[in-house]
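The values are calculated or read from the model by the stated rules, or taken from the named source; none is laboratory data. Only a predicted model underlies this, so the values are computations on that prediction, with no experimental measurement involved. Neighbour counts run over all protein chains shown; Cβ positions are idealised from the backbone, glycine included.
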Amino acid sequence: MVTLRSAQPERLFEDRRDAGRRVALALKQYADEHPIVLALPRGGVPVAFEVAKALRCDLDLLFVRKIGAPGQEELGIGAVVDGLHPQLVMNERLAALTGANPDYVEEEMKRELAEIDRRRLAYKGGTPPLEIAGRTVIVVDDGIATGGTVKAALAGIRRSAPARLVLAVPVAPEETIDEMKALADEVICLAMPEPFQAVGLHYVDFTQTRDAEVIGLMDRSREWKTA
């Protein structure tokens, strides 16, 4: 794991593109493996774009949709993880406690998969996800706070049998990174400031990533593939 500690917790990165270029330097050893970089939309896309550009490798989106408990949609009992072979990651104990039976879970999964398809159509024109089995996969986001979404993403990807699974982020709390080590083969985090507070506090510019930017960057990622 690569770490860079700073006594000044705020404003470690100019923006997401700056963070991505710096993350890419910590991943250069993977260039010859022709990895797949998976970005968590939307904020992870500018970071992942710079990583994929530097490594001259595939860039794809990774959608993770929460499954809420019956009558308590904000209480997550599992998640659907996007991919060529979508995966359902469940907290079985919590699902049982909230009365989420298999029929309910199946219906919710179908609904969330439909939403994933809608978003993939909007961002990538319906291009199907890439096959990740047997390949090095690098999951990228703009930072992690509690890590619930990233945990589900890693668990889902692992089920699709990548050759190697790497998590790479610019900034996160140390305790969250420690939890991720059991889910990935390697975890790269450039900064683990204390106190952490929030991801956005460690960027000079943390403007919300808009749909148009995501679409534009995904289009541009084809440039080096064509070359």
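What the table below lists for this structure:
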| read-out | value |
| --- | --- |
| Test: residue in the range 125-134 that is without any contact (Cβ under 8 Å) to a residue 60 or more places away in the chain, in contact with a strand residue (DSSP E or B) (Cβ under 9 Å, 6 or more places away or on another chain) and either under 22 Å from Gly147 (Cβ atoms) or hydroxyl-bearing (Ser, Thr, Tyr) (or both) | yes |
| Filter pass, Lys28 being within 18 Å of the chain's Cα centre (by Cα) and either farther than 17 Å from Ala212 by Cα or of a type in the set (D, E, K, R) (or both) | no |
| Hits in the range 208-227 (condition: hydroxyl-bearing (Ser, Thr, Tyr) and free of Cβ contacts under 8 Å to residues at least 12 places away in the same chain) | Thr226 |
| Unmet requirement for Ile157, which otherwise passes all of (1) in contact with a strand residue (DSSP E or B) (Cβ under 9 Å, 6 or more places away or on another chain); (2) modelled with pLDDT of 95 or more; (3) over 15 Å from Ala39 (Cβ atoms) | (3) |
| Candidate set from the range 31-80 (those that are part of a helix (DSSP H, G or I) and touching a strand residue (DSSP E or B) at 6+ places or on another chain (Cβ under 6 Å)); member that is surrounded by the fewest Cβ atoms within 10 Å (Cβ to Cβ) | Glu33 |
| Pro86 under 25 Å from Ala54 (Cβ atoms) and either at pLDDT 95 or above or surrounded by fewer than 20 Cβ atoms within 10 Å (Cβ to Cβ) (or both) | no |
| Answer from Arg164, Arg222 - the residue that is more than 15 Å from the chain's Cα centre (by Cα), at pLDDT 95 or above and of a type in the set (Lys, Arg) | Arg164 |
